[in-house]
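The structure appears right after this line, and notes come after that.
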Amino acid sequence: MTSRTCRRTWRKLLRDRHDVPPSLFFSIREAYQGYAEFITSAPVSVLTKKEHSGDGRPVLVIPGFTGSDLYNYPLISFLRRKGYHAKGWNLGRNFGHGFLNMDKLVERVAKLYHFEGQPVTLIGHSLGGVYARELAKRCPEHVRMVISLGSPFGEDRDKASRWDGLYQLVKPSGASDTEGEWSKPPHVPCIAIYSVCDGVVNWRVTRQKGGDISCRNFKVRGSHVGLTNNKNVWRIIYNCLQ
């Protein structure tokens with residue numbers, strides 16, 4: 001086997017592996033691509049024509065690691081103008097396990113369920129999508145559907161993220177992030193939206209495997225940090241809510 005063939009074989013193996021971080025090229029591109037998606041989505045969310053096509057169902061948007069409701073506001077505003085009762089999680093920034101009291105999030109979903117009189121659709125970006133899936137496992141009677149955006153719930157997820165070092169740094173000592181079987185889907189419809197250009201998480205661990213026919217995957221092009229501000233993602237979410 002020639003050296004060129006060896007290099008090609010090695011590159012193919014790396015491309016097929018799910019336990020390695022994304023390519024450095026995509027990681028470097030994250031900053032400006034995510035910023036571009038944010039500044040282009042904000043006007044769209046404001047200028048979107050108000051429609052009554054939505055049935056008014058409650059939607060809870062959960063931010064990703066270090067994210068907040070402010071960053072997700074364009075998506076929340078877009079869904080409201082489409083006729084849905086979209087809300088943020090109202091728990092500040094998401095700094096991960098150890099800082100989050102999962103019971104408070106369960107209580108938040110339960111209150112929305114009882115106030116609205118119908119199950120809640122959960123949309124979670126990155127780590128927020130992992131929380132959304134776990135919420136659906138804890139209180140499936142309160143959840144209609146889970147939509148995850150670039151969420152690392154697959155096996156070897158800790159090795160597949162370039163932010164794992166930062167995550168481990170800020171996580172309180174003794175806090176566990178291995179509770180539950182993250183890769184196992186909850187007993188509600190699950191939609192996984194992922195980008196092959198993701199520069200933070202290896203896209204292979206963000207796809208749903210197994211589950212029933214109600215578990216689907218949708219591929220888009222875009223950055224990891226900009227998934228909540230990606231217009232193609234918005235279109236998929238809107239179609240899934242119909």
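All of the numbers you see were taken from the coordinates with simple rules; none came from a lab. Given the structure is predicted, the values throughout are model-derived calculations rather than measurements. Cβ sites come from the backbone with ideal geometry, for glycine too, and all protein chains shown count toward neighbours.
Just subtract the alpha-carbon distance of Ser214 and Glu155 from 0.36 nm times their residue separation and send over the number in nm, one decimal.
19.1 nm
How far apart, in nm, are the 7 Å Cα→Cβ label points at Lys231 and Asn101?
4.2 nm
Around Val61, under 13 Å between beta carbons, what's the net of Lys plus Arg minus Asp minus Glu among the other residues?
Its environment carries a net charge of +2.
List the residues whose amide H sits under 5 Å from the amide H of Arg144, counting only those 5 or more places along or on another chain, with H placed 1.01 Å from N in the peptide plane.
Residues meeting the criterion, in which the H sits 1.01 Å from N, are Val120, Thr121, Leu122.
Counting Lys and Arg as +1 and Asp and Glu as -1, what is the net charge of the other residues whose Cβ lies under 12 Å from the Cβ of Ile147?
My count for the surroundings of Ile147 gives +3.
For Phe115, what charge total do you get from the other residues with a beta carbon under 14 Å from its beta carbon, if Lys and Arg give +1 and Asp and Glu give -1?
Here the count lands on +2.
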